[in-house]
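Only one structure is covered here, and it is reproduced in the block below.
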Amino acid sequence: MRLRIGEKWRALKQDKLKRDFLRYYKHTEDPEIFEMVQYIKQTGRFEMMNCPLSRNYDYTCFPVDVMEDNATGLKYVRDENGKKIFFPRSKTKEDIAELYRAIKKEQDMSSPHCYLNREDILQIRKAHEEGKYIRIFELGAAEALFSLSLLEYADEVHIFECNPEWIEALEAAFKIYEIEQNKVKIINKYVTDMNNNNEITLDRYIKGLEISGNVFDIVKMDIEGAETKALAGMTDFIKHEHKFMMFICTYHKRDDEKMVREIFSDYVIENTRGYFCFYTAEDYGKPYIRRCLLKIKNI
């Protein structure tokens with residue numbers, strides 16, 4: 001009964017948020033927001049990602065084959081390139097199928113949360129072909145699809161993940177690269193603006209790495225609202241004159257987009273198309289939408 005009451009309460013809350021959103025944007029002339037309004041009106045739904053993309057990843061349209069690895073007993077899914085994406089041991093096949101559909105929807109090239117579009121991949125490929133030494137720093141990895149998708153171009157991959165369940169899955173996914181090429185490192189620490197047993201700044205971490213003269217750094221940051229703290233701990237990285245691309249999530253807190261834009265005011269800044277309605281955030285409210293991702297480029 002408690003579960004049913006909880007579900008009913010969430011449904012009522014979501015319905016109120018939907019009505020508030022439609023009332024607030026009743027006369028919008030912004031084409032991106034207008035598309036969201038039309039989607040909500042047509043479907044009756046109010047979601048974090050209000051766009052037709054959601055339908056493409058319904059369980060009937062996007063079946064997921066979950067397999068089990070004989071060596072580790074961990075369950076995995078093969079992506080479109082044949083790479084194994086492992087999941088925590090506690091997840092059921094149904095959990096994994098649902099989670100993988102959510103991941104693929106989130107990283108669809110038309111999604112507001114998509115890190116890599118075709119132009120980004122071409123720029124990274126070009127850097128690789130030009131002989132640049134490519135380092136990837138993935139802050140907040142979970143399944144590390146970002147690093148896996150760029151693995152062929154990378155000389156080093158540094159993955160920061162603090163959830164012990166995901167650590168085991170990541171070690172299984174990257175085992176062949178870690179042993180044979182020694183290019184994948186998995187670090188069980190939070191990246192913040194402090195250095196202690198559980199936290200580390202990116203500046204401190206990078207100081208411990210051997211430096212190649214022709215470095216091209218790629219940083220992906222999705223750390224549940226700690227993005228600005230992590231940026232405060234990488235001032236040397238930002239000031240250092242080298243080539244880099246950064247992919248920073250800005251939807252966890254209301255003012256994150258503004259703060260990130262201020263930090264990188266002298267750089268090329270791009271945002272993905274569309275918005276998130278991050279209604280589970282404690283500070284969620286007007287204007288009800290947030291840019292999901294900013295891309296900072298010094299290339």
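According to the square roots a ≥ b ≥ c of the eigenvalues of the Cα gyration tensor, what is the shape class of the stretch 94-138, taking rounded for a/c under 1.5, prolate for a/b larger than b/c otherwise, and oblate for the remainder?
Working: a/c = 3.72, a/b = 2.17, b/c = 1.71.
Taking the square roots of the gyration eigenvalues as a ≥ b ≥ c, the stretch 94-138 is prolate.
Counting only residues 5 or more places away or on other chains, whose amide H sits under 5 Å from the amide H of F137 once H atoms are built in the peptide plane?
For F137, the qualifying residues are H158, I218, V219, K220.
What's the lysine pair count for the stretch 39-154 at a Cα cut-off below 25 Å, pairs eight or more apart or interchain?
The number of close lysine pairs in the stretch 39-154 is 21.
Can you put S147, S265 in order of accessible area, largest first, using a 1.4 Å probe?
Details: S147 0, S265 80 Å².
In descending accessible area the options line up as S265, S147.
Suppose all protein chains stay in the model; what accessible area per residue would a 1.4 Å probe give for the chain, in Å²?
Heavy-atom accessible area per residue stands at 54 Å².
Considering only protein heavy atoms, with the full assembly of protein chains and a 1.4 angstrom probe, order D217, D108 by accessible area, largest first.
Working: D217 0, D108 35 Å².
Sorted by accessible area, descending: D108, D217.
Could you state how much accessible area T92 has, in square angstrom rounded to the nearest 10, with a 1.4 Å probe and all protein chains kept in place?
In the full protein context, T92 sits at about 60 Å².
Go ahead and estimate [θ] at 222 nm for the chain from helices alone: -39,500 (n - 2.57) per DSSP H run with n ≥ 4, summed, over the residue count, rounded to 500. Write out the running numbers ahead of the final one.
On the way: 11 runs with 109 residues, N = 299.
Helix-only estimate at 222 nm: -10500 deg cm²/dmol.
Rounded to the nearest 10 Å², what accessible area does Y279 show when all protein chains are kept and the probe is 1.4 Å?
Number for this one is 50 Å².
Which of the following values of Cα extents along the principal axes in Å was calculated from the structure shown: (i) 55, 51, 38; (ii) 56, 48, 34; (iii) 53, 44, 35?
Comparing each candidate, only (i) matches the computed number.
Considering only the chain, what is the antiparallel percent among its DSSP beta bridges, to the nearest 5?
DSSP beta bridges in the chain are roughly 40 percent antiparallel.
Using alpha-carbon pairs under 8 Å, 6+ residues apart, how would you state the relative contact order of the chain in percent?
Relative contact order of the chain: 15 percent.
From the phi angles alone, apply the Karplus equation (6.51, -1.76, 1.60; θ = phi - 60°) to the stretch 284-299 and give each ³J(HN,Hα) in whole Hz, x where the residue is Gly or Pro.
Whole-Hz 3J(HN,Hα) from phi for the stretch 284-299: 6, x, 4, x, 6, 10, 9, 5, 7, 8, 10, 10, 10, 10, 10, 10.
Between rounded, prolate and oblate, where does the stretch 70-128 land on the alpha carbon gyration tensor, with a ≥ b ≥ c its root eigenvalues, rounded for a/c under 1.5, else prolate if a/b exceeds b/c?
Because a/c hits 1.5 or more and a/b fails to exceed b/c, the stretch 70-128 counts as oblate.
Using the Cα gyration tensor of the stretch 251-299, with a ≥ b ≥ c the square roots of its eigenvalues, what is the shape: rounded (a/c below 1.5), prolate (a/b larger than b/c) or oblate (neither)?
Because a/c hits 1.5 or more and a/b exceeds b/c, the stretch 251-299 counts as prolate.
How would D79, D236 rank on accessible area, largest to smallest, probe 1.4 Å?
Heavy-atom accessible area, descending, gives D236, D79.
The values are calculated or read from the model by the stated rules, or taken from the named source; none is laboratory data. If you're wondering where the values come from, they're calculated on a predicted model, not measured in any experiment. Protein only, heavy atoms only, side chains kept; ligands, DNA and RNA dropped before computing areas. Shrake-Rupley method; radii C 1.70, N 1.55, O 1.52, S 1.80 Å.
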